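Asks: One structure, as structure tokens, below. Some questions next.
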Amino acid sequence: MKFLWLIVGSFLIVNGQQTNNNDYINISPPRHDDKTVIIDGHLDEPVWTSASSRSGFRSYLPVDGRPAEDDTEIRIWYSPTALYVGIIAHEIHGEVRSTLADRDKLENDDYLILILDTYDDKRSAFAFAVNPLGQQGDGTITDNTSMGRNSKPFRLDDNPDYVFNSRGRLTKDGFTVEVEIPFKSLRYQSENTQNWGFNVLRYIQHSGYTSTMINTKLGVASFLAQSAKLVGMTGLTREKVFDIIPEIRGSLNRGSSPEKFGAETNDPLGLNLRYGLSSNIFMNATLNPDFSQIEADVAQINYDPRRSLYFPEKRPFFLDGIELFSTPTRLIYTRRIANPVAAAKIAGKVGATTLAMISAADNTGSSLAHLDAAYVNALRLKRDISNQNHIGLVYTDRIHNDWSNRVFALDGKFIDKDKYSFRAQGGFSVTNDSLESGVLAPMWNIGANASGRKWSWVFATTGYHGDFNPAVGFVERANYVTVTAGPTRRFYGKKGALLEQVSLSYKLVGNWNYNGFISNDGPDDRRMYPSFYMQFRGGWRFTNFTWIEYFGYPEKFYTNYYIKSNDQFILFSGTPELFNLGAMFELSTPQLESFSASIKYGFGRDPNYDEWAPGDIYLIESKIKWSPTDKFRFSLRYNQQQNYRPSDKSLVSESRTPRLKIEYQITSAIFLRGVVQYTSNFRDDLRDNSRTELPIYFKDSNDDYIPALKKTSNNIEADFLFSYRPKPGTLVFFGYGSALTEPGRFQFQSLQRKSDGFFMKISYLFQS
């Protein structure tokens, strides 16, 4: 197979022992049985004076290795049931950014992230974030080995939520925060003596700097491997973990014609359970769950409609331990379980073995009374073999009546000498139905990276057979092989320089359909992407992305396109190859006193996908965030994409999506939220532009040929919510949602209601 030499060579370099320059940084926090500490942001109890202390933070982003201008002191101790961290953050500039932010919405504030690698395996870690007032964020952190031009060395998934306590207060020279993390909120090995990886990140908004508790270096293959350690923690009393979250909900809805609301009382009760078999193995179960608390996905621009858009998981049941289900390819994508009537999950780590499994009955019917279940299973096994290396297995299946789909894959990851990393995954799917047995359809995902502070290199290839179908996974594009390679060069400014970091990248990409690649044909698409990233003093950022592309005609996407010639309908054949050239620029402000913004503008020659002809494309994406007080938050996003025919400058297609979100944080646990999103889409009458100029027809289910005439849609969605959420699992929601449409774009006249309704949800976390 192509590139076999590279795979073999990558395995050959993985033969050394990884070093860690921070292995010697061990912190021995004292143990105190006294539980009388009040979490109020004042580190005035006597126990804090005997806590282990660490200061001398070092800069990390955009330039590493320098003493932090604004130092931070971390104090640590533990009781039998919880870890306590005190934060004393100095701000010599007197520019602390702080608001009464909602959970996981700290990006406009100064904040710190406490990183706890409780398995000390340098593969994933818990993240607990706090701002100067003690407002919370949380999630999981994993390494980002596929470093791009401006990507961070780690990935933070802020969707999982954990129960912990924190309070903070502003001081004359900064702020202090007090944090209590119950051990029952964590997963860790069942050992008498605990040694955990530990680090702290501090984000300083007025400068755009990120500092770390230890001297963490850029250009090292693993961010998590550069952690310090909390060592010698003994006598941890594992309180029993048995969480019960009953929930009740109800709604009043109406459609476009009824004038009265109708109550929907079907299936109003739900139940969620979480049980800790041990400190490292948890079980979860859910019956008739409701996910109405999940905010709608933010609109995205699809630059290439041949690819599917990815949206992250946000539902609480699936988020607990979600990092344990991760694989190089998203073969487990829990959003494929759309409407589980019941589901169970077990996840954890025993010794060097990670186990994660989900089983669910996914209801494709309208309610429990009209149950039509598809049965879903997803299994992830992973075995640590040395340092940060591992081998793993994935198995998924989905069965619905006589139809079934199964996926099996093996994977591995290897890191060598703090510089080289290699990952590989290979597998297959089999899909059967009542008419025929499916074929074995293979896939692969292979990547190799060489990391360095100045230079880094990446190689990756992914391939999917035309019949590969991960029914419980996510694939951007099927019947597809891509090969990517390219370097990145980074430059760092001297202290006090206007330009603090410059990153230059070049990426070369080739794309094939699967059979063409196996047959050693030339690539269908050839792409070159030079780009740069610049960060200036004060946190301003400017980036560029340039595309130079040759796209071959993707025949299978136009199998229902026809043109009429000599009174006969013939299959549309399209332009054999399109040349594309364009650029995109983005400017981002730092977090100013109450305002931040970014704007992205792109232009150039790109495919007119609706007619498979050359197109002149214009893109705008903008984000504005404004917090006039520490309780009010305004967020405005705007996405626009236009495609014009170069031949006569006529508009082929356009999409415009403004989205406004307004939040008022009454207290740390109570807020009001309003979201309004307008989605306007336009497509002109289609014709065989750049060739015959004949009209395009579609064939319908009756084999009639229908002209591809102009169409528009103008939809408005408005959602309003009162939320009381003192901690994860306990909440009260009252909301109203409405969907409207109008014939003319942004006219706000002749508005017609599609549907609207009120909803209520109450749930409560009972903890043993």
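Only the coordinates and a few stated rules stand behind these numbers; no lab work does. Note that this is a predicted model, so its numbers are computed, not measured. Every residue, glycine among them, receives a Cβ derived from its backbone with ideal geometry; neighbour counts consider all protein chains shown.
Asks: What residues from segment 338-380 fall in the zone where the backbone N is under 13 Å from a label point 7 Å along the Cα-to-C-beta line of TRP403?
Replies: 364-365, 373-375
Asks: Does segment 385-523 come out rounded, prolate or oblate, given a ≥ b ≥ c as the square roots of the eigenvalues of its C-alpha gyration tensor, rounded meaning a/c under 1.5 and, failing that, prolate meaning a/b above b/c? Numbers along the way, then the final one.
Replies: Numbers: a/c = 2.84, a/b = 2.03, b/c = 1.39.
It comes out prolate by the Cα gyration axes.
Asks: List ASP402, ASP756, ASP685 from most exposed to least, where exposure is judged by having the fewest other Cβ atoms within 10 Å. Display every interim value, and only then the final one.
Replies: Values: ASP402 9, ASP756 17, ASP685 13.
With the fewest neighbours first, ASP402, ASP756, ASP685 line up as ASP402, ASP685, ASP756.
Asks: So for segment 577-691, what are the equivalent ellipsoid semi-axes in whole Å, largest first, each being the square root of 5 times an eigenvalue of the Cα gyration tensor?
Replies: Values: eigenvalues 294, 53, 12 Å².
The equivalent ellipsoid of segment 577-691 has semi-axes of 38, 16, 8 Å.
Asks: Sticking with this one: Return the Rg/Rh value of the chain, two decimal places, where both radii are evaluated on C-alpha atoms and Rh is the Kirkwood radius. Working shown, then result.
Replies: Working: Rg = 27.3 Å, Rh = 28.6 Å.
Ratio of gyration radius to Kirkwood radius: 0.96.
Asks: So for ILE563, ILE570, ILE346, fewest C-beta neighbours within 10 Å to most, what's the order?
Replies: On the way: ILE563 21, ILE570 11, ILE346 17.
Fewest to most other Cβ atoms nearby, the residues stand as ILE570, ILE346, ILE563.
Asks: When each pair of different Cα atoms in segment 152-296 is counted once in the 1/r mean, what is the Kirkwood radius in angstroms, to one decimal? Write down the numbers at each step before the final one.
Replies: Details: mean 1/r = 0.0491 Å⁻¹.
When all Cα pairs of segment 152-296 are included, the Kirkwood radius is 20.4 Å.
Asks: Taking every pair of alpha-carbon atoms in segment 647-741, what share in percent sits in each 5 Å bin, from 0 to the bin with the longest distance?
Replies: Taking every Cα pair in segment 647-741, the percentages come to 3, 10, 14, 12, 11, 10, 9, 7, 6, 6, 6, 4, 1.
Asks: On to the next question. Mind giving me the FRET efficiency for LEU287 and ASP630? R0 is 30 Å, r the Cβ-Cβ distance, nearest 0.05 is fine.
Replies: Numbers: r = 40 Å, r/R0 = 1.33.
After rounding, the FRET efficiency stands at 0.15.
Asks: In addition: Would you work out the Kirkwood radius for segment 4-234? I mean one over the mean of 1/r across all pairs of different Cα atoms, in Å. Intermediate results must be reported in sequence, preceding the final value.
Replies: Working: mean 1/r = 0.0547 Å⁻¹.
About 18.3 Å, per the Kirkwood formula over Cα pairs.
Asks: Now a separate question. What are the extents of the Cα atoms of segment 688-768 along their three principal axes, in Å, largest first?
Replies: 71, 36, 28 Å, listed from the longest principal axis down.
Asks: Taking amide H positions as placed 1.01 Å from N in the peptide plane, with prolines and chain starts having none, which residues 5 or more places from ASP120, or on another chain, fall under 5 Å of its amide H?
Replies: Counting only residues 5 or more places away or on other chains, the set is GLY197.
Asks: Given labels modelled 7 Å from the Cα in the Cβ direction, how far is it in nm from GLU191 to SER573?
Replies: 6.8
Asks: With n ≥ 4 as the cut-off for DSSP H runs, can you work out [θ] at 222 nm for the chain, using -39500 (n - 2.57) per run divided by the number of residues, rounded to the nearest 500? Display every interim value, and only then the final one.
Replies: Details: 3 runs with 19 residues, N = 768.
Counting only the DSSP helices, I get -500 deg cm²/dmol.
Asks: Another one. May I ask you to derive the FRET efficiency for THR237 and THR171 from their Cβ-Cβ distance with R0 = 30 Å, giving the value to the nearest 0.05?
Replies: In this case the efficiency is close to 0.35.
Asks: Which lysines, on any chain, are close to LYS495 with Cα under 22 Å apart, when same-chain ones fewer than 8 places away are left out?
Replies: Straight-distance partners of LYS495: LYS152, LYS217, LYS454.
Asks: Assuming R0 = 22 Å, can you tell me the calculated FRET efficiency for the pair PHE758 and LEU273, based on Cβ-Cβ distance, to the nearest 0.05? Don't jump to the answer; show the numbers that get you there.
Replies: On the way: r = 29 Å, r/R0 = 1.31.
For R0 = 22 Å, the calculated efficiency reads 0.15.
Asks: Which angle between 0 and 90 degrees, to the nearest 10, do you get for helix 4-13 versus the longest principal axis of the chain when only C-alpha atoms count?
Replies: So the helix axis and the longest Cα principal axis differ by about 10 degrees.
Asks: Going by how many other Cβ atoms sit within 10 Å of their own, how do ARG274, ARG383, ARG527 line up, fewest first?
Replies: Details: ARG274 21, ARG383 14, ARG527 18.
If I rank by nearby Cβ atoms, fewest first, I get ARG383, ARG527, ARG274.
Asks: What does the C-alpha gyration tensor say about the overall shape of segment 150-227? Classify as rounded when a/c is under 1.5, otherwise prolate if a/b is larger than b/c, or oblate. Please list the in-between numbers first.
Replies: Working: a/c = 1.80, a/b = 1.10, b/c = 1.64.
The shape class here is oblate.
Asks: If you don't mind, there's one more thing I want to ask. For segment 75-158, what does the alpha-carbon gyration tensor say about shape, rounded, prolate or oblate, given a ≥ b ≥ c as the root eigenvalues, a/c under 1.5 as rounded, and a/b over b/c as prolate? Show your work: numbers first, answer last.
Replies: Details: a/c = 1.85, a/b = 1.11, b/c = 1.66.
Verdict is oblate for segment 75-158.
Asks: Another question about this same structure. On alpha carbon coordinates alone, what is the Rg over Rh value for segment 103-206, Rh being the Kirkwood radius? Before the final figure, lay out the partial values.
Replies: Working: Rg = 14.5 Å, Rh = 14.7 Å.
Value, to two decimals: 0.99.
Asks: Further question on the same structure: State the three equivalent ellipsoid semi-axes of segment 280-478, derived from the C-alpha gyration tensor as the square roots of 5 times its eigenvalues, in descending order and whole Å. Write down the numbers at each step before the final one.
Replies: Numbers: eigenvalues 180, 87, 68 Å².
With the √(5λ) rule applied to segment 280-478, the semi-axes are 30, 21, 18 Å.
Asks: Tell me, in nm to one decimal, what length is gained between PHE491 and LEU581 on full extension, where the rule is 0.36 nm per residue of separation less the Cα-Cα distance?
Replies: Numbers: separation 90, 0.36 × 90 = 32.40 nm, distance 2.70 nm.
Between PHE491 and LEU581, full extension yields an extra 29.7 nm.
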